[in-house]
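Quick notes on the structure that follows.
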Amino acid sequence: MARIKLQWWREELGRTFAGTPHPPLSRALRPVLERHGLPQAPFTDIADQAEVEILRRPLVTEAELDAACERDLGALFELIARCHGLGDTDMLRTARRLGGFCAQVYLIRAGGLLVRRGCALFPSEQLDALGLSNEALARCEYRDRLPELLAIMADRTRANLAASDSDRGLPVCIRIRARILASLLDELASVGFAVADRRFGLTPLRKLWLAWRESRRTP
């Protein structure tokens, strides 16, 4: 059923770009596409990643994990950047990378829930080297290995962020989201990534403070 709904939205996306949207959401989207000259590719990327998640296709390499996250929030961040008038290739690429960073932090926070649901959270190549599997992590006897694996993912996520180009010039809404997620990652690290049976988050006041500070920073 989920795939049927997704296919309908794929077709509706094509109709919207062709100028014949049907539902209210598509009719509201159409003038935005025209006003900002948005391309169809980022929307397709989001749909493709949704299908991967529906089918629970396992990731083999860490590079595939990075690419999956950039197809998810990364594509959305690119669209946001375009709506703010950015068209430079390097800037759009930086927006995608920041989106990918945020997506990976969300994965780390939801790590316990995802493994309990049997989702393929970690690349199989990484787990094979440790004599583990995503299926094994769902069992209680292997649950204590989760923080170790999430710490490795967090290190890579930070390294990817550090390797990204400067966020100078990006819309403040993107910079705020990245700053909040960076603080969330620090918070998760401070508790040793003990998310197997708990869910952590920043308080609304903390988010407001981070957003205010980032909005005051000279872009």
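No value in this document is a laboratory result; all are computed from the given coordinates. Worth saying up front: this structure is predicted, and the values here are computed from it rather than measured. All Cβ positions, even for glycine, are placed from backbone atoms using ideal geometry, and neighbour counts span all protein chains on display.
Can you name the number of the only condition in (1) in contact with a Pro (Cβ under 9 Å, 6 or more places away or on another chain); (2) surrounded by 12 or more Cβ atoms within 10 Å (Cβ to Cβ); (3) not basic (Lys, Arg) that residue 102 fails?
Among (1) in contact with a Pro (Cβ under 9 Å, 6 or more places away or on another chain); (2) surrounded by 12 or more Cβ atoms within 10 Å (Cβ to Cβ); (3) not basic (Lys, Arg), the lone unmet condition for residue 102 is (1).
What about residue 90, is it more than 15 Å from residue 181 (Cα to Cα) and either surrounded by 16 or more Cβ atoms within 10 Å (Cβ to Cβ) or in contact (Cβ under 8 Å) with a residue 60 or more places away in the chain (or both)?
yes
Filter the range 133-166 for residues that are basic (Lys, Arg) and in contact (Cβ under 8 Å) with a residue 24 or more places away in the chain and give the result. So that I can check it myself, show each step before the final result.
The first filter runs over the range 133-166 and keeps only residues basic (Lys, Arg), leaving 139, 143, 145, 156, 158.
Once the filter is applied, which keeps residues that are basic (Lys, Arg) and in contact (Cβ under 8 Å) with a residue 24 or more places away in the chain, the range 133-166 yields 143, 156, 158.
With respect to the numbered conditions (1) without any contact (Cβ under 8 Å) to a residue 24 or more places away in the chain; (2) touching a helix residue (DSSP H, G or I) at 6+ places or on another chain (Cβ under 6 Å); (3) surrounded by fewer than 20 Cβ atoms within 10 Å (Cβ to Cβ), which one is the sole condition not fulfilled by residue 128?
Only one criterion is unmet by residue 128, namely (2).
If a residue must be in contact with a helix residue (DSSP H, G or I) (Cβ under 8 Å, 6 or more places away or on another chain) and touching a residue at least 40 places away in the same chain (Cβ under 8 Å), how many such residues does the range 167-202 contain?
Keep residues of the range 167-202 that are in contact with a helix residue (DSSP H, G or I) (Cβ under 8 Å, 6 or more places away or on another chain), which gives 167, 169-185, 188-189, 192-202.
Subsequent filtering for residues that are touching a residue at least 40 places away in the same chain (Cβ under 8 Å) retains 167, 169-175, 177-178, 181-182, 184-185, 188, 192-201.
Matching residues across the range 167-202 total 25.
Mind listing whichever residues of the range 168-197 are assigned to a helix (DSSP H, G or I) and among the acidic types (Asp, Glu)?
Across the range 168-197, the qualifying residues are 186, 187.
Only one residue in 133, 190, 124, 164 is within 28 Å of residue 91 (Cα to Cα) and either of a type in the set (S, T, N, Q) or touching a Pro at 6+ places or on another chain (Cβ under 8 Å) (or both), so which one is that?
Unique residue meeting the criteria: 164.
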